[in-house]
Amino acid sequence: MIQENVSERLDIKQALLAAVEDEADPAALFATSTSGLRITDIAAQARHPRRCLGAHPYNPPHLMPLVELTKSVRTDNAVMETAREFYVAVGKEPIVLGHEAVGFVGNRLQFALYREAVDLVLKGVCTVEDVDKGKRPANPSSL
């Protein structure tokens, strides 16, 4: 299992994948940490695209157990299951996407909240400071 975490640039990810395919065990899975690029594009020139998947850990990864797993149309379903089992074995909690979606789950939810916060401020509904207050969870002892 190879987990790649380089810059979110297609050319860099493709070059690294090509280098990995030259050197790694032929059965190794290649997991990219992207959440903004499609796995289909990253693996477009791969010799073994069926072994390529997206594995995007939540930050900070040493504290957050979630990791989002996604595949291209060419990723083997058995590879996805092997990756899911691997991440569970190392203490992660996988979210397995049914198909590619740029931004995966976590980033899309965060961006939706961000867009709403910006809209509230721009429309004069509240201030930036009030948005910050509103995102804090209620104090359970005050309920």
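Laboratory data are not the source of any read-out in this text; all were calculated from the coordinates shown. These figures come from a predicted structure and were not determined experimentally. Note that we place each Cβ from the backbone using ideal geometry, even for glycine, and neighbour counts take in every protein chain shown.
Among the trypsin sites (Lys or Arg not before Pro) found in segment 39-128, those both in a DSSP coil and sparsely packed, with 10 or fewer other Cβ atoms within 10 Å of their Cβ, are K123. Pick out which of T82, T70, T40 has the largest mean-square fluctuation in a Gaussian network model of the chain, springs linking Cα atoms closer than 10 Å. With Cα springs under 10 Å in the chain, the top fluctuation among T82, T70, T40 is at T82.
Between (1) 32; (2) 47; (3) 39, which matches percent of Cα pairs over 22 Å apart calculated for the structure shown? Structure-derived value, by its label: (2). Backbone amide hydrogens, once placed in the peptide plane, bring V96 within less than 5 Å of L69, excluding anything fewer than 5 places away on its chain.
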